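What follows is a short report on a single structure.
The values are calculated or read from the model by the stated rules, or taken from the named source; none is laboratory data. This one's a predicted model, so the numbers in the text were calculated from it and none came from an experiment. The protein model used for the area step is the full one, side chains on, heavy atoms only, and it has no ligands, DNA or RNA in it. Shrake-Rupley method; radii C 1.70, N 1.55, O 1.52, S 1.80 Å.
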Amino acid sequence: MSTPAPARALGVSRTTATAARVLRQLRHDPRTIALMLLVPCLMLFLLRYVYDGSAHVFDNIGASLLGVFPLITMFLVTSIATLRERTSGTLERLLAMPLGKGDLIAGYALAFGTLAIIQSALATGLAVWFLGLDVIGSPWLLLLVALLDALLGTALGLFVSAFAASEFQAVQFMPAVIFPQLLLCGLFTPRDSMHPVLETLSDVLPMSYAVDAMNEVVRHPDMTTAFVLDALVVAGCALLVLILGAATLKRRTA
């Protein structure tokens, strides 16, 4: 059995090398790239024409879904990709080298974060400039929140992969981690109209703040204090989950 190297401080070169390796692997996996980059755009396209006769409905929920779709796709892809590397023994070999868990997690976050930027830019550009999503605020703020949501999905995927023994189990975490947030985030009904217990529960779920931030952009021409606070909460949750992911990362599946 390989002996892990002593813990080392987070290194930029090791982090970027890990990110480059992940991106090279993804380059040879067109299905995964299509899932990350094209599926959110396809879902927005379908949604726009589902409400073809009620454009105001698309305006009401389209911005929120700009944050929801990237979070879900990045969660799925990241959790499965990380688990695949662990079950294949790649993680064990990497962690036996002068590469700390922090370097590994940061490298994964950087690689998937790069794809998240592309994904968010494609989805936001499609919704605003092609599908006619009507927003009062800046589309760049929509892009910012979509990117933060994608990074949050990446962080959650890295974290839950530590508790799954197979790719199927990784997918099974989705109903536990994503679906409650989807139901309680205010996408289907305002959070203040929910039962008080559910409203309180929604206050501790990061997706709620992502949807609130998107709604701030839709309703206000300028950046508001509420938007800044919501965006900081989403970013803080992503950072916290990344730290937890580094702490719980397993070298191999039991």
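Computed over the stretch 163-254, the P(r) curve from all C-alpha pair distances, binned at 10 Å from the origin, holds 15, 36, 31, 14, 4, 0 percent per bin. Solvent-accessible area of residue 199, all protein chains in place: 60 Å² (probe radius 1.4 Å, heavy atoms, ligands and nucleic acids excluded).
Between 0 and 90 degrees, rounded to the nearest ten: what's the tilt of helix 12-27 against the longest Cα principal axis of the chain? Taking the Cα atoms of the chain, the angle to 12-27 is about 70 degrees.
Here the extension length gained between residue 49 and residue 179 equals 44.4 nm, from 0.36 nm per residue of separation less the Cα-Cα distance. The C-alpha atoms of the chain define a longest principal axis, and helix 139-160 lies at about 40 degrees to it. Percent of accessible area on the chain owned by carbon and sulfur, 1.4 Å probe? Solvent-exposed carbon and sulfur of the chain make up 69 percent of the total. Against the chain, whose longest principal axis comes from its Cα atoms, helix 206-219 is set at around 40 degrees. Between residue 25 and residue 13, the contour length at 0.36 nm per residue exceeds the Cα-Cα span by 2.5 nm. Measuring spread by the Cα atoms of the stretch 19-169 yields a radius of gyration and Dmax of 16.9, 59 Å. For the set 159, 45, solvent exposure ranked by accessible area (probe 1.4 Å, protein chains only) runs largest to smallest as 45, 159.
For the chain, the solvent-accessible area with a 1.4 angstrom probe is 48 square angstrom per residue. From the P(r) of the stretch 204-246, can you give the percent of Cα pairs sitting at distances over 13 Å? Cα-Cα pairs of the stretch 204-246 separated by over 13 Å account for 52 percent. Working note: Karplus 6.51/-1.76/1.60 with θ = phi - 60° gives the stretch 61-73 the couplings 10, x, 5, 4, 5, 4, x, 6, 4, x, 4, 5, 5 Hz, where Gly and Pro are set to x.
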